[in-house]
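Take a look at the structure below.
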Amino acid sequence: MKKIIKTRFAPSPTGVLHIGSVRTALFNFLYAKKHGGEFILRIEDTDRERSKPEFETVIQESLSWLSMEWNSFHRQSDRTEIYQEAIRELLENKKAYISKEEREGGRKEVIRFSNPNKIIKFKDTIRGEINFDTSELGDFVIAKSESEPLYHLTVVVDDFKMEITDVIRAEEHISNTPRQILILEALNYPRPNYAHIPLILAPDRSKLSKRHGAVSVMEYKEKGYLPEAMLNYLALLGWNPGTDREIFRINELIEAFSLENVQKGGSIFDEEKLRWINKNHLEKFVPKEEQYENFKERFLKSPICEKHQWCFSDLYLHSIWMVFKERISVYEDIDILLENREFDYFFDKPEYEATKLLWKDQKKKDASKHLEKLIEKINQMDELSYEHDTIKDAIWDYATEKGRGEVLWPMRYALSGRDRSPDPFVLSSVLGKEETLGRLKNASEALQN
Ligand code: GLU
């Protein structure tokens with residue numbers, strides 16, 4: 001009978017879940033799902049002082065947010081008896097012994113492994129064959145007492161009892177593998193396959209840490225990243241599909257994933273790339289209405305809405321959303337744009353110095369003449385069909401004849417009061433005919449003074 005593929009994600013609950021760990025979880029998840037296997041979540045809390053239940057909760061919440069459902073769940077602190085049995089077996093077979101040692105605070109007993117001091121060879125799916133002379137490890141400690149097992153022992157026992165076929169974990173565990181193989185050989189367990197995945201590095205190639213920005217996955221949730229975009233990005237950190245394709249949904253990742261295409265070298269975390277992938281997912285996979293609702297919720301909390309009834313007009317907000325949309329990759333960008341008061345001109349008449357209305361060395365009277373002409377043309381337009389394309393049609397030929405900068409710059413500045421803003425047709429269509437006319441008149445008057 002063919003063995004069922006089983007992988008495990010085995011975090012220690014000693015802190016929030018980092019994106020590096022999530023990537024490890026993801027590779028385990030993808031590999032298991034690809035082979036119709038099982039993905040196991042195992043909380044490794046043998047370090048009793050540093051392990052905290054609240055971190056276990058964060059781990060579960062993070063994986064759930066990312067829809068990485070586990071097939072079974074285990075917690076090492078619930079499994080002491082299982083380890084105890086293995087320790088007794090090792091002691092009985094003289095593969096381990098109790099050692100009385102001088103330690104700070106007096107004499108203490110620990111359980112040490114009887115190292116056969118041999119060369120351990122193993123094949124790592126990603127890194128190839130690895131040889132390690134274990135004699136330099138000495139008789140290492142595997143438990144503080146029969147009821148206090150340590151990491152190397154618990155991992156080996158659990159991987160065996162849980163029938164883990166593939167150990168996929170971070171590169172930093174390579175040097176632990178020979179020790180773990182020695183223990184499993186002493187217990188007559190079969191070896192799982194090993195795959196050690198490369199580190200995630202910061203742009204300066206140092207180890208990714210807090211000082212480089214957000215490293216906890218829940219921070220990305222709060223910023224409004226889409227979980228599937230997050231998975232898409234993390235999958236591409238160290239793995240490639242063997243093609244140029246970059247946008248994947250979760251099922252497509254499962255389909256395309258293979259450990260053979262995981263690279264050996266470290267991969268650099270690039271938030272810009274993550275943003276780009278998020279933008280792609282937003283545009284391609286998130287229903288328009290859902291995007292709008294998300295925008296609206298954030299928008300209604302902004303200070304501009306404390307004084308403007310227009311905020312409560314879905315029609316008006318919807319047209320503003322169309323403008324915002326162009327500028328955001330992640331929902332958090334909405335808050336940033338609002339904080340920077342980027343689009344206040346949709347609510348408040350802009351204030352500016354009249355000379356700002358002038359295109360390059362344009363004369364005031366020329367700019368004012370163009371504005372008057374625009375007022376005349378817009379006045380003739382039907383309010384009911386006042387939209388981007390009709391406004392453009394009404395103005396374009398005149399602007400082309402007189403010079404687009406000469407005509408459209410004063411118009412755009414009159415509407416937004418900003419050096420940078422969307423084009424004047426977009427602005428005017430959102431503001432509407434009446435408000436556009438008012439602002440153009442104000443500008444023309446300002447130029448005449
Ligand atoms: N508990 C270990 C850690 O958090 C992982 C052990 C393993 O994957 O074998 O790094």
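The values are calculated or read from the model by the stated rules, or taken from the named source; none is laboratory data. Note that the coordinates shown come from a computational prediction; the quantities given were computed from them, not determined experimentally. Cβ placement follows ideal geometry from the backbone for every residue including glycine, while neighbour counts extend to all protein chains displayed.
Annotations
- Per-region count, the range 133-144, residues under 22 Å from Pro13 (Cα atoms) and either assigned to a helix (DSSP H, G or I) or of a type outside the set (A, V, I, L, M, F, W, C) (or both): 1
- Verdict on Ser64 being of a type in the set (Gly, Ala, Ser), away from the ligand (no atom under 16 Å from the Cβ) and in a strand (DSSP E or B): no
- Residue within the range 178-197 that is among the basic types (Lys, Arg) and within 30 Å of Phe285 (Cα to Cα) present: no
- Residue match in the range 26-47 (condition: more than 10 Å from the ligand (Cβ to nearest atom), assigned to a loop (DSSP other than H, G, I, E, B) and loosely packed, with under 15 Cβ neighbours inside 10 Å): yes
- Cross-chain or 6+ apart pairs with Cβ under 6 Å, the range 142-157 first and over 17 Å from Gln180 (Cα atoms), then of a type in the set (Ser, Thr, Tyr): Ser147/Thr80
- With respect to the conditions (1) of a type in the set (A, V, I, L, M); (2) in contact with a Lys or Arg (Cβ under 8 Å, 6 or more places away or on another chain); (3) within 16 Å of Leu253 (Cβ to Cβ), Ile82 lacks only one, and its number is (3).
- Of all residues making up the range 265-315, the number that are assigned to a helix (DSSP H, G or I) and in contact (Cβ under 8 Å) with a residue 60 or more places away in the chain: 1
- Filter result (assigned to a helix (DSSP H, G or I) and either under 24 Å from the mean Cα position of the chain (by Cα) or within 12 Å of the ligand (Cβ to nearest atom) (or both)) within the range 158-174: Asp158, Asp159, Glu171, Glu172, His173, Ile174
- Out of Val22, Val16, Val58, one residue alone is under 18 Å from the mean Cα position of the chain (by Cα), more than 22 Å from Lys144 (Cβ to Cβ), within 14 Å of the ligand (Cβ to nearest atom) and in a loop (DSSP other than H, G, I, E, B). It is Val16.
- Residue within the range 223-239 that is assigned to a loop (DSSP other than H, G, I, E, B) and within 9 Å of the chain's Cα centre (by Cα) present: yes
- Only listed residue being at pLDDT 95 or above, surrounded by 11 or more Cβ atoms within 10 Å (Cβ to Cβ) and touching a helix residue (DSSP H, G or I) at 6+ places or on another chain (Cβ under 9 Å), chosen from Glu353, Glu387, Glu342: Glu387
- Test: Ile181 is within 12 Å of the ligand (Cβ to nearest atom), β-branched (Val, Ile, Thr) and in contact with a strand residue (DSSP E or B) (Cβ under 8 Å, 6 or more places away or on another chain): no
- For Phe55, the stated conditions hold: it is buried (at least 17 other Cβ atoms within 10 Å of the Cβ) and aromatic (Phe, Trp, Tyr).
- Taking the numbered list (1) basic (Lys, Arg); (2) under 19 Å from Val426 (Cβ atoms); (3) without any contact (Cβ under 8 Å) to a residue 24 or more places away in the chain in turn, Lys392 passes all entries but (3).
- Scanning the range 4-13 for residues that are without any contact (Cβ under 8 Å) to a residue 60 or more places away in the chain and more than 10 Å from the ligand (Cβ to nearest atom) yields a count of 0.
- Some residue of the range 214-221 being buried (at least 20 other Cβ atoms within 10 Å of the Cβ) and touching a Lys or Arg at 6+ places or on another chain (Cβ under 6 Å): no
- Test: residue in the range 70-90 that is without any contact (Cβ under 8 Å) to a residue 60 or more places away in the chain, in a loop (DSSP other than H, G, I, E, B) and over 27 Å from the mean Cα position of the chain (by Cα): no
- Residue that is part of a strand (DSSP E or B) and over 17 Å from Arg23 (Cα atoms), where the choices are Glu185, Glu129: Glu129
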